[in-house]
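Asker: Structure below; questions to follow.
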Amino acid sequence: MATTLITGGTVVTATGRSAADVLVDGEVIVGVLAPGSNLLGSDLASTVDTVIDATGKYVIPGGIDAHTHMELPFGGTAASDTFETGTRAAAWGGTTMIIDFAVQTYGQQVMDGLATWHDKARGNCAIDYGFHQIIGDVNADSLKAMDGLVDEGITSFKLFMAYPGVFYSDDAQILRAMQTSAETGLMTMMHAENGPAIDVLVEQLLAQGKTDPYYHGIARAWQMEEEATHRAIMLANLTGAPLYVVHVSAKQAVEQLAAARDAGQNVFGETCPQYLYLSLEEQLGAKGEQWGAFEGAKWVCSTPLRSRAEGHQDHMWQSLRTNDIQMVSTDHCPFCMKDQKDLGLGDFSKIPNGIGSVEHRMDLMYQGVVSGQISLERWVEITSTTPARMFGLYGKKGVIAPGADADIVVYDPNGHTSIGLDKTHHMNMDYSAWEGFEIDGHVDTVLSRGTVIVDDNAYVGTKGHGQFVKRDLSQYLI
Ligand SMILES: [Zn+2]
Ligand SMILES: [Zn+2]
C-alpha cells in the first residue's frame, strides 16, 4: 500500500490545533506525529512514497456535507448536478463525503426508492457518499420498511411538513413515523414549514399579481417555520424520537430548538451558508440586467432567505457559536436559470426550489473564521466532526486520528479563492448563487481515502472512486 506523509502543517480538529505530521498508509491515517519524528530510526519523509508539504497551512478532516440533492426530480425538472458532477464539485471545495437523500415517492415502496438512488450514485462519485431516506408516503408498509433501513446503513429519514401533494406528511403520519423511529433509533430529519398554510398565502399573493421571486420569501413567512418547528419538537418530545431540523433559517425557529435543548431533549438544527450570508432584501428582491425582477429566482430555496432587517443572519451566526445550531450543510439542489428556474417566470411558485453550494461550503464557512464569527476549531466542528457524529460516521470520518479514513484537506489560509462562473465554479449550473464572493483562503490539496483527488488547482480524481458508506446510529445524542 502506498504511504503518504503530510508534513509541516497545523493539524486542526474540533478540539484544538497542533503542529503535526500526518502519516497515511493506503486508505487510512496511521499516525499523527510530532513534526520531523524519526520514531522508527529514520526520517519518515525519506521512506514514504509521497510527501505533501503543508508548511504554513491547515490540515483538516475533509468536509462532510450532510444535505445534498443530486439529480433530484423536483417541480417538473431535476437538480442539474448528477452524482458525478456534484461530487466532483464537492471535491474541488474540500468536501470528501456527502449524505444525499434517497426518495420514496408517493405510492412507491421505500426499498425501491432506495435502490433507485443506489443506481444513480454507484460508480459515479468522486468522493464517498451515504444516504438519508425520504419517506414520501408514510403508511403501514413504509413503517415496516423503516425497521430494515438500519441494516442498509441508512440511519436517518426525512419527512416534510411542507409541499402538500408531493412529499407532505400530516401530523398523524409524522406521529406514527416518530413512534417507529423512537424504537429503532433512526434520526428523524424534518423539513419544518407549515405547507398547507403557505399554499394559501401563495394563492392569495398570485391573485394580487405579486408573482416575482421576492414573494416566495413573503409566502414562506418565519411564522410558518417557527410553528412547524415547534410542532415537530412537541411530537418528538411525546414519542422520544431524536429530531434534526434541516435548513433552519428563522431566528424564531432557533429559539424553539434552543428551548427544547435546554430542557434536555434530543433536538438538533442545521443551517446553510445561504442563511448566514444572503437575504430577502438583497438576493430574493434583486433586480438584474438580464432577468429584471426575476433575478431573485437564483436564490429561491425553501426555507427561504430571510430579512436582514429582522436580524436572522446575525442570530444564525450567534447560534453557531453557542451550539444552538450544531452544523452547516448546503441543501445543495442546483437548477439552471435557463429552462429550469425560468419555469417560474410570471409565477414564483413554479420556480424549482434550490441553491447550489456544495463546492463552496468549506470556503464560505472559513470566511466566518476570517471575520471573527467562529473559531478555527469550530469551523472544523460544524463542517466535518459534528456531521460525522450526528450521522454515525465518527471515527471513520470527521477526524484526523489513527484509524480514520484518510479524508484530508490541506487548506491555505494565505491563499485566495474568487467565486464566480468564469472563476471558481465546477457545479453544473449556468449561474453561481455566490458570484463575486472573494474568499481569504484556498483548498490546496484534497485526499479521499488516501488518494489525492484535488491538487494545485487541478482535479486528479476518478469517477467511481467514491464508495457508499454504511452509517451507524447517531453518536451525538444526549
Ligand atoms: Zn427541505
Ligand atoms: Zn433539502
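The values are calculated or read from the model by the stated rules, or taken from the named source; none is laboratory data. Since we're looking at a predicted model, the values are computed, not measured. Heads up, the Cβs are rebuilt from the backbone with ideal geometry, glycines too, and the neighbour counts pull from every protein chain shown. Protein only, heavy atoms only, side chains kept; ligands, DNA and RNA dropped before computing areas. Shrake-Rupley method; radii C 1.70, N 1.55, O 1.52, S 1.80 Å.
Asker: Check off (1) assigned to a helix (DSSP H, G or I); (2) more than 15 Å from ligand 2 (Cβ to nearest atom) for Val59 and give me the number that stays unchecked.
Answerer: Here Val59 clears every test but (1).
Asker: Where residues in segment 245-275 are out of contact with any strand residue (DSSP E or B) (no Cβ under 8 Å at 6 or more places or on another chain), within 26 Å of Gln367 (Cβ to Cβ) and not aromatic (Phe, Trp, Tyr), which of them is surrounded by the most Cβ atoms within 10 Å (Cβ to Cβ)?
Answerer: Restricting to residues being out of contact with any strand residue (DSSP E or B) (no Cβ under 8 Å at 6 or more places or on another chain), within 26 Å of Gln367 (Cβ to Cβ) and not aromatic (Phe, Trp, Tyr), the top hit is Ala250.
Asker: Restricting to segment 36-88, name every residue that is within 24 Å of Thr4 (Cα to Cα) and in contact with a His (Cβ under 7 Å, 6 or more places away or on another chain). Talk me through it step by step, then tell me what you get.
Answerer: Keep residues of segment 36-88 that are within 24 Å of Thr4 (Cα to Cα), which gives 36-64, 87-88.
Arg88 - this is the single residue of segment 36-88 that is within 24 Å of Thr4 (Cα to Cα) and in contact with a His (Cβ under 7 Å, 6 or more places away or on another chain).
Asker: Given the criteria within 16 Å of ligand 2 (Cβ to nearest atom), crowded, with 24+ Cβ neighbours inside 10 Å and modelled with pLDDT of 95 or more, does Ile127 qualify? Please lay out each step first, then the result.
Answerer: On the way: within 16 Å of ligand 2 (Cβ to nearest atom): no; crowded, with 24+ Cβ neighbours inside 10 Å: yes; modelled with pLDDT of 95 or more: yes.
In short, no.
Asker: So is His230 away from ligand 1 (no atom under 16 Å from the Cβ) and touching a Lys or Arg at 6+ places or on another chain (Cβ under 6 Å) or not?
Answerer: Taking the combined requirement at face value, the residue does not satisfy it.
Asker: Give segment 412-432 a look and list any residue that's in contact with a helix residue (DSSP H, G or I) (Cβ under 6 Å, 6 or more places away or on another chain) and open to solvent by less than 50 Å² (accessible area, probe 1.4 Å), or say none. Spell out how you get there, then give the answer.
Answerer: Initially, segment 412-432 is screened for residues in contact with a helix residue (DSSP H, G or I) (Cβ under 6 Å, 6 or more places away or on another chain), giving 417, 426-428, 431.
Matches in segment 412-432: Thr417, Met427, Tyr431.
Asker: Still on this structure: Hey, can you tell me all the residues within segment 273-307 that are touching a Cys at 6+ places or on another chain (Cβ under 8 Å) and in a loop (DSSP other than H, G, I, E, B)? Steps first, please.
Answerer: At the first step, the residues of segment 273-307 found to be touching a Cys at 6+ places or on another chain (Cβ under 8 Å) are 274, 301.
Result: Cys301, single match.
Asker: A further question on this structure: Looking only at residues that are in a loop (DSSP other than H, G, I, E, B) and under 19 Å from Val11 (Cβ atoms) in segment 348-392, which one is farthest from the chain's Cα centre (by Cα)? Talk me through it step by step, then tell me what you get.
Answerer: Restricting attention to segment 348-392, the residues satisfying the condition of being in a loop (DSSP other than H, G, I, E, B) are 351-354, 356-360, 371-375, 391-392.
Imposing the further condition that a residue be under 19 Å from Val11 (Cβ atoms) reduces the set to 374-375.
Details: Ile374: 18, Ser375: 20 Å.
Top of the filtered list is Ser375.
Asker: Another one. What are the pairs, 6+ residues apart or on separate chains, where a residue within segment 72-91 that is open to solvent by 10 Å² or more (accessible area, probe 1.4 Å) has its Cβ under 9 Å from a residue that is hydrophobic (A, V, I, L, M, F, W, C) and in a helix (DSSP H, G or I)?
Answerer: From residues that are open to solvent by 10 Å² or more (accessible area, probe 1.4 Å), the pairs are Gly75/Leu343; Gly76/Leu343; Thr77/Leu343.
Asker: Here is a follow-up. Which residue, of Ala121, Ala78, Ala102, Ala115, is within 15 Å of the chain's Cα centre (by Cα) and either of a type in the set (A, V, I, L, M) or within 16 Å of ligand 1 (Cβ to nearest atom) (or both)? Break it down stepwise before answering.
Answerer: Working: Ala121 fails: within 15 Å of the chain's Cα centre (by Cα); Ala78 fails: within 15 Å of the chain's Cα centre (by Cα); Ala115 fails: within 15 Å of the chain's Cα centre (by Cα).
Every option except Ala102 fails the conditions.
Asker: Restricting attention to segment 405-429, which residues are within 21 Å of the chain's Cα centre (by Cα) and either charged (D, E, K, R) or in a loop (DSSP other than H, G, I, E, B) (or both)?
Answerer: Asp405, Ala406, Asp407, Gly420, His425, His426, Met427, Asn428, Met429
Asker: When the residues of segment 288-330 are filtered to those that are among the polar types (S, T, N, Q) and open to solvent by less than 10 Å² (accessible area, probe 1.4 Å), which remaining residue is farthest from Ala89 (Cα to Cα)? Lay out the reasoning, then the answer.
Answerer: Step one: of segment 288-330, the residues among the polar types (S, T, N, Q) are 290, 302-303, 307, 313, 318-319, 322-323, 326, 329-330.
Among the residues that remain, those that are also open to solvent by less than 10 Å² (accessible area, probe 1.4 Å) are: 302-303, 313, 319, 326, 329-330.
Values: Ser302: 22, Thr303: 24, Gln313: 26, Ser319: 28, Gln326: 24, Ser329: 15, Thr330: 13 Å.
So, considering only residues that are among the polar types (S, T, N, Q) and open to solvent by less than 10 Å² (accessible area, probe 1.4 Å), the one farthest from Ala89 (Cα to Cα) is Ser319.
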